[in-house]
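Here is the structure we will look at.
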Amino acid sequence: MEFTARQIEIMEAATQRIDKHGIQNLTIKTLAADINLSEPALYRHFAGKNEILLGLLVYFKNEMEERISQLSFEKDEKAGDRLRKIFNSQLVTFEQKPAIVSVIFAESIFHFDNSLSNKVSEIIDSMHKVVHENIKTGQSKNQYSTLIKPGTMTTIITGGMRMAVMKWKLSGNKSSVEKDGMKVLNGILKMIEKK
C-alpha cells in the first residue's frame, strides 16, 4: 500500500492528536483543523477516521518490517546480539516517534473493528515471527538454553518488552524507552544465553 505525501502528513497529524488527546478525540473535523485543511479536502485523501487508523497501522508495519530487514549483522554474530539490534531499532523508533505507541497500543479500542484489530494482530505476529526465528536459531546453534521452548521464550521476551514500552508510555515518556527496554531484554537474555 503506497501513501501520498499528503496522506502521510494526515496520518502523522492523527498520531499526534491521538497521543495528546486520546483516540476518542480523533475526528475528521479536529484533524482537518490541526493541519489547516477543509473537511472535504481531507475526505479526498481518506474515506474516514477508520481508514486513517488503518493507514497508520499499515504504514508502521511496513516501516518496521523494512527497517528490521535492513539491519546489518556480522556473519558470525551471536543470536543474542542480533536480537539486541532488532529491539534496539524498535525502541529507538518509539523514542523518536512516541506518538506511534499510542496508536499501536490502543488495540483494546480496535476490537470493535475487524480490519483494525486484524492489522494490529499482523504487527504483533510480524514481530513475534522475527523473535521466534531468532530463538530457534540461537537454540540450534547452542547459543541459548533449550530449557524453554522457542514459542514460550518468544512470548516472555515480547511480553517483557511490551511491558517496558507501556510503563514508559504511562509515565509520560519521562525516561528513555531505549535504555529501559534494553535493560529488560538484557535481563531476559542473561537467563538464556550460554557463555
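Set side by side, the residues Ile192, Ile188 differ, and just one is touching a residue at least 24 places away in the same chain (Cβ under 8 Å) and either closer than 21 Å to Asp19 by Cβ or touching a Ser or Thr at 6+ places or on another chain (Cβ under 8 Å) (or both), which is Ile192. Every listed requirement among (1) within 18 Å of the chain's Cα centre (by Cα); (2) within 21 Å of Ser115 (Cα to Cα); (3) of a type outside the set (A, V, I, L, M) is met by Gly48 save one, (1). Being within 19 Å of the chain's Cα centre (by Cα), modelled with pLDDT of 95 or more and open to solvent by 40 Å² or more (accessible area, probe 1.4 Å) holds for only one residue in Ile124, Ile156, and it is Ile156.
Testing Asn118 on (1) farther than 19 Å from Met166 by Cα; (2) in contact (Cβ under 8 Å) with a residue 40 or more places away in the chain, one condition comes back false. Which one is that? Every condition holds for Asn118 apart from (2).
One line per residue, one yes/no per condition, for (1) over 26 Å from Asn173 (Cα atoms); (2) within 12 Å of the chain's Cα centre (by Cα); (3) among the hydrophobic types (A, V, I, L, M, F, W, C); (4) open to solvent by 70 Å² or more (accessible area, probe 1.4 Å):
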{"site": "Lys78", "(1), (2), (3), (4)": "yes, no, no, yes"}
{"site": "Leu83", "(1), (2), (3), (4)": "no, no, yes, no"}
{"site": "Phe87", "(1), (2), (3), (4)": "no, yes, yes, no"}
{"site": "Leu91", "(1), (2), (3), (4)": "no, yes, yes, no"}
{"site": "Ala99", "(1), (2), (3), (4)": "no, yes, yes, no"}
{"site": "Ser117", "(1), (2), (3), (4)": "no, no, no, no"}
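Out of the residues in the range 139-192 that are of a type in the set (Val, Ile, Thr) and part of a loop (DSSP other than H, G, I, E, B), which is farthest from Ser126 (Cα to Cα)? Going through the qualifying residues, I end up with Thr146.
Hey, can you tell me all the residues within the range 41-64 that are closer than 17 Å to Asp125 by Cα and either open to solvent by 70 Å² or more (accessible area, probe 1.4 Å) or assigned to a loop (DSSP other than H, G, I, E, B) (or both)? Scanning the range 41-64 gives a single hit, Tyr59.
For every residue, the table says whether it meets (1) more than 30 Å from Ser171 (Cβ to Cβ); (2) open to solvent by less than 60 Å² (accessible area, probe 1.4 Å).
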site: Thr4; (1), (2): yes, no
site: Gln7; (1), (2): yes, yes
site: Gly22; (1), (2): no, yes
site: Asn25; (1), (2): no, no
site: Asn36; (1), (2): yes, no
site: Glu39; (1), (2): yes, no
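Considered as a group, the residues in the range 160-174 that are of a type outside the set (A, V, I, L, M, F, W, C) and touching a helix residue (DSSP H, G or I) at 6+ places or on another chain (Cβ under 6 Å) include one that is most open to solvent (accessible area, probe 1.4 Å), and that residue is Lys169.
The values are calculated or read from the model by the stated rules, or taken from the named source; none is laboratory data. Note that this is a predicted model, so its numbers are computed, not measured. Virtual Cβ from ideal backbone geometry, glycine too; neighbours counted across all protein chains shown. Keep in mind that these areas ignore ligands, DNA and RNA; they rest on the heavy atoms of the full protein, side chains included. Shrake-Rupley method; radii C 1.70, N 1.55, O 1.52, S 1.80 Å.
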